[in-house]
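Read the structure below first, then the notes.
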């Protein structure tokens, strides 16, 4: 695999930049395509000399065509993530999903790129019939009128295009589905950053005693979080060894309730919290945890300390709280993804 040429779309995003760094450190040549609406080239400062940064929008066929030319593999991560955006700009999410996937496939076919890796999402299967959930779970859009499902719907379309074009036109087409990845500088529209910023502000405003902490729902929803370091190791196994038309869940089996997450975030500030339940979010999934046997078959073994990774993340957001969008100051996180 050494010396291959990779294009990572969305390469200056949170997950994209982590993948770019891992590819560079594995000895590959890497190009990143990103319009930096949410990405930042500064995330790649430590490998800047080894990465070709190409500015461009994934919806622009000319930009995608130029970025794809000359590479051996495209890792397609460009998308609009963040649960806040699922509700506020569903049409934009679908536009990026469909135009982006179409442009990537067209460019790969034009330039003879036979290796395609797609970043999908656990959102494609929403409320699964079995937990832990493997890759055979049915993909569903429970309610087309709920804008939340713009995200999962766009990912379902992307998976269908990858698999069905992949059968005929690619030597290898592979899909990975992230499950609640977290880490410093992951954006503001996710549960851990939102909890961290609000807890930081509430702790400053009430320097002693338990902190009353409003949330959406009753706190019993369960998620299995994975640190960006662990996650990147899993994705690299997919990139390097994933089988043609293979789909891989990337995550851990460590399940944590939202209420427990609140307490762990409070503990990062040396405090305790009182969870204040609120109205549930329409479309919220009560439990999501991946079955990762297929990924383990490629050699992936989750490692590391969740609380240590959480503390690093929470402290980063506390240190950057002044940069947070103003609306995070007084609202409960919309959901946990």
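Every read-out reported here was derived from the displayed coordinates using simple, explicitly stated rules and does not represent laboratory data. Owing to the predicted nature of the structure, the values given are computational and were not obtained by experimental measurement. Here Cβ is always computed from backbone atoms with ideal geometry, including for glycine, and neighbour counts include all displayed protein chains.
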- Item | Separation of alpha-carbon centers, the range 233-283 and the range 27-72, rounded to whole Å | 28 Å
- Message: Just to be sure I understand: with springs between alpha-carbon atoms less than 10 Å apart, which residue in 144, 47, 239 has the highest mean-square fluctuation in the Gaussian network model of the chain?
- Response: 144
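Express as a percent, rounded to the nearest 5, the fraction of DSSP beta bridges in the chain (both residues included) that run antiparallel. Don't jump to the answer; show the numbers that get you there.
On the way: 4 of 40 bridges.
If we restrict to bridges inside the chain, about 10 percent are antiparallel.
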- Task: Please identify, among 11, 112, 187, the residue showing maximal mean-square fluctuation in a Gaussian network model of the chain using a 10 angstrom Cα cutoff.
- Result: 112
- Label-point separation (nm) for residue 303 and residue 72, each offset 7 Å from Cα along Cα-to-Cβ? 2.6 nm
- Bins of 20 Å from zero: percent of alpha-carbon pairs in the chain: 32, 59, 9, 0
- Query: Can you give the FRET efficiency for residue 160 and residue 208, using 1/(1 + (r/R0)^6), R0 = 45 Å, r = Cβ-Cβ distance, to the nearest 0.05?
  - Reply: 0.25
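Rounded to the nearest 0.05, what FRET efficiency do residue 143 and residue 254 give with R0 = 51 Å and r taken as the Cβ-Cβ distance? Could you check? All intermediate terms of the calculation are to be shown ahead of the outcome.
On the way: r = 30 Å, r/R0 = 0.58.
Efficiency, from the Cβ-Cβ distance: 0.95.
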- Message: Please compute the modelled spin-label separation between residue 37 and residue 240, points set 7 Å along Cα→Cβ, answer in nm with one decimal.
- Response: 3.4 nm
- Query: With the chain treated as a Gaussian network of Cα nodes joined by springs under 10 Å, which of 209, 297, 217 yields the largest mean-square fluctuation?
  - Reply: 209
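Would you calculate a helix-derived [θ] at 222 nm for the chain, using -39,500 (n - 2.57) for each DSSP H run of n ≥ 4 and dividing by the full residue count, to the nearest 500?
Values: 10 runs with 126 residues, N = 337.
Counting only the DSSP helices, I get -12000 deg cm²/dmol.
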- Label-to-label distance, nm, for residues given as residue 98 and residue 168 (7 Å Cα→Cβ offset): 2.0 nm
